[in-house]
Structures are given as structure tokens and as C-alpha cells.
Amino acid sequence: MKTPTTLEALIQALRCLPGVGPKSAQRMAYHLLQRDQAGAGHLASALVDALTRIRHCNRCNTFTELEVCELCANPARDHRTLCVVETPADLLMMEQTLAYGGLYFVLMGRLSPLDGIGPREIHLDRLLNRAQDGMIEEVILATNFTVEGEATAHYIAESLRSLGIRSSRIARGLPVGGELENVDSGTLAQAMVERRAL
Amino acid sequence: MATSKRVESASTFLLHHYPYRETSLIIDVFSREHGRHSLVARGARRPRAALRGLLLAFQPLLLSWFGNNELKTLHSAEWQGGVPQLTGRALMCGFYLNELLIKLLPREDPHPEIFDAYEKAIKALARGASSELEPTLRCFELALLAGLGYAPTLQLDSTGKPIEASRSYCFVPEQGAHAEIRIETGVTIAGQSLLDMAVGDYRSPLTLQQSKLLMRSLLTQLLGDAPLYTRRLLQDLQSL
Ligand SMILES: [Zn+2]
């Protein structure tokens, strides 16, 4: 029996999701068509809505429906500090800490030197333009503590330095409430290297 | 059925990694005794995976794996330590070394001498002295070429006569240093620079500058037209 081509197209389309292979794409497609047609309808219209309405904030580059997102437009935020993160999820994480009252810039990626993803590919010029608005006094680099995140932080710091803008890097170390015996060797070794005087 | 090949506690560096399925990682590793391999690290991308703080590039690791296929399965990883994590420009240089290995080192082909040169280079980069970065790259590039069987002859000219420190040469890849003729594809280099490179002495600014051009020309022979992403990044940084 030959699969109808519309079904084939749906299965093929679902495979664009991360971690979805041919088998699970097929399972999803059958589930949507057999058991949850209403859910499928919602999914379809939500996708179309999202694609037409969501854009990047002109100032921080995160997803928003507005030209300038609510966070960037909020006058109560400290407009002198800019925190650079890799993803919108990182921004939300940082917000949950309630430890930071400044503004953000979301890279939507990071440098990955071995994959050919350089400063042009992640549009670093947009961040550099943003940091030169005349208000920003400090750029806080909160990229991940992976080798790629470190490389990204270094490249941005050097670029900002050449523009005369001060930058800082968030600290790394043991998790709060963490016990030494439960910490991985890499973290503990680096905590020793980066120890500070008391 | 062939018995699955097991490798236990091999001295290894991780060169690169790719996400694999939902929670796993494929790591490209370079082991001293077994050469380059691709391993699946199952569950390494789970939020609290113990492997996360362990499977780091530029860190000496002891890895165990098994499997017959091209893609093997990581069984365990042990931290060896002793090398601070690379930062700043040294980190960018580290990426450059990894890109050279990924592009030039054949898979499953042991090269302990290249591994030792790599380990030495990483340790030098980790010490972080900025004056040490370029000499470290040059020493590694030479060791890599030698390990792959393309060592340039640095102490004799193309006719077999000893290089003279005070003479100028035209170095042509695959031919060597010409004392008399000039060839367009060659690199002009002082005899002293060649002699310095032969003993790994990069204190002279002229040697540093000329050796860089010579190594670039020799590496281009092997790399072909494939661009080196990390070289471009280093140049971008330099021009800021
Ligand atoms: Zn915004």
C-alpha cells in the first residue's frame, strides 16, 4: 500500500523538530490525524500566528510581537547595563533570579569556531551597535561556560574594548548549597584555579 | 559475529562535539594510542549529566569505549586534570589546533608523536603567556607535518648543502629551500629563520614572522581550498 503524499508531506515536515526521526514523526502524524484533530488545528493556526506576528525586538533581539519588547521599553529597568545571553531561555532564567535589573541582548546563538560560525554568522554587529547607544556603561557577558560560550565572550569583550566599552564576565564556581563531594571534577578544578583572596 | 572491540582508559583529548538525538552527544576524540574516533556519549546532554563537566575540550581525559562500527560508544570518562581551562586568545589558538587535527588527521590512525606535541601545546597555551602563543602554534604545526610525513627540510637546501644563516632562500613546498632561484610559489625566508625553526627557537621577531608565512604555505598544500575558520577568527580578532 502506498502512503498518500499529503501524509508523507506532514511526516516529512514534523522531522524539522529537534530529535524527531522518521519513526516518531510518523507516530506524531498518526496521533494528530486519528486522535486529536482539534489539537492539530490549534497547532496549525498557532504556528501560522507565531510566524506572522513574532519578530525580533529592535533593541535586545529577543522574540516579541512589538517593535521594542516590554522589557526594553520598561523605564524602571537600569538602562546603563546590558547583559548578553545566548538564547531567550537564558534571558528568562536570568530574570527568574531577580538579581539583575538591567537590559539584555539575546545573541540567538554563539560562536562555534570549528563549525564555521563566526561573528558575521551571529550578526555581532547588531550587539555592537546596541552597546553604543550612549547609555550603556557596562556589558555583562552571560554566555554559557562551554568552550564556545567562552570564545563568544572573549570575542565580544575584545570587540567592546576596541570601542572603549567596559565589559565583565559572570563568575563560575560551585553551585550554591553544593557539597564538594557531589561536584564534577571540571567545575571543582576550575573553582580552584579561579579562587579569590579573602 | 566479531567480538566488540573494547578500549580501556585511553589518554584522550576531545576535539569537537555535536548534539546527537534528544540527550546525547557525538564526540570527536584524539587518543594517544588509538588515533581519532567518533564516540556516542549517551545522555551527556541531560541537564544533570555527570559527563557535562567532564567532556571538555582541551582537557586530558581517560576514556573507555567499545564498538565495531565507525561510531563507537563511550563507556566511561575520567578526569586527568592538571590543565587550567583555556581562556581568551589562548582558547582561540586551541580551537585552531583542533581544526588542524580535524581537517588533517585521518581517522583511526594512531599518531602518538602528534598527540604528545598536541598535549605539550595545550599545556603551553594554558599557561597563558601571550608571547608564548605564536611559538606554540608554530611548534605544533611542524610536529603535525612531521607526524603526517610532510616534514619540511629546514637544515639543508634543495641541493643538500647546509643552510647558511646569513643567506636568503626561496622555500617551495615539496622542493625545499632554493638558494639560487626564485620561484613565485615559494616563500622568501632567511637562513637564520630556517635554522631557528629547526631547533624550535622563536625568540627572533623575524623568525616568528617568516615562520608563520612558511607554515601557512606548507599547510595550504595539505588543506587545499578548504578555509580554516579559526584562522579567520584569529585574524578578525587581530584586526579589532
Ligand atoms: Zn527587547
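The values are calculated or read from the model by the stated rules, or taken from the named source; none is laboratory data. Worth saying up front: this structure is predicted, and the values here are computed from it rather than measured. Using ideal geometry, Cβ is built from the backbone for each residue, glycine included, and neighbour counts are taken over all protein chains shown. What goes into the accessible areas is simple: the full protein's heavy atoms, side chains included, and nothing from ligands, DNA or RNA. Shrake-Rupley method; radii C 1.70, N 1.55, O 1.52, S 1.80 Å.
Measuring r between the beta carbons of A:MET135 and B:ARG46 and using R0 = 41 Å, the FRET efficiency lands at 0.50. If you sort B:VAL199, B:VAL29 by accessible surface, 1.4 Å probe, largest first, the order is B:VAL199, B:VAL29. Per-residue shielding of B:81-88, expressed as the average number of other chain Cβ atoms within 10 Å of the residue Cβ, stands at 5.
Volume of the convex hull of the protein assembly as shown (Cα atoms only), normalised per residue: 232 Å³. Span-like helix criteria (full DSSP H runs; alpha carbon extent of at least 20 Å along the helix axis; mean Kyte-Doolittle hydropathy of at least 0.0) are satisfied in chain B by B:88-104, B:130-147, B:205-223.
Taking label points 7 Å from Cα along the Cα-to-Cβ direction, B:SER76 and A:LEU47 give a separation of 4.6 nm. Measuring r between the beta carbons of A:GLU181 and A:THR6 and using R0 = 45 Å, the FRET efficiency lands at 0.20.
Amide hydrogen proximity for B:PHE171: with H placed 1.01 Å from N in the peptide plane, the residues at 5 or more positions away or on another chain lying under 5 Å are B:HIS178, B:VAL187, B:THR188, B:ILE189.
A full extension of the chain between A:ARG77 and A:LEU163 corresponds to an added length of 28.6 nm, given 0.36 nm per residue minus the alpha carbon distance. Calculated [222 nm] ellipticity per residue, helices only, for the protein assembly as shown: -12500 deg cm²/dmol; basis is -39500 (n - 2.57) per DSSP H run with n ≥ 4, divided by all residues, nearest 500.
Greater than 32 Å separation of Cα atoms is the criterion. Which listed pairs, B:LYS72/B:LYS103; B:LYS123/B:LYS212; B:LYS161/B:LYS212; B:LYS72/B:LYS212, meet it? Pairs exceeding the cut-off: B:LYS72/B:LYS212.
Based on C-alpha pairs under 8 angstrom that are at least 6 apart in sequence, chain B has a relative contact order of 14 percent.
Taking every DSSP bridge with both residues inside chain A, close to 20 percent are antiparallel. Taking all Cα pairs closer than 8 Å and separated by 6 or more residues, the relative contact order of chain A comes to 13 percent.
Averaging the Cα positions of each part gives two centres, and for the range B:1-54 and the range B:170-240 these lie 35 Å apart. Ordering B:GLU113, B:GLU22, B:GLU174 by accessible surface, largest first, gives B:GLU174, B:GLU22, B:GLU113; the 1.4 Å probe counts only protein heavy atoms, with every chain in place. If you sort the three axes of the alpha carbon gyration tensor as a ≥ b ≥ c, you get a/c of 1.5 or more for the range B:1-117 and a/b no higher than b/c, which makes it oblate. Judged by the gyration tensor of its Cα atoms, with axes a ≥ b ≥ c, chain A is prolate; a/c meets the 1.5 cut and a/b is the larger of a/b and b/c.
For the protein assembly as shown, the antiparallel share of DSSP beta bridges with both residues in that region comes to about 65%.
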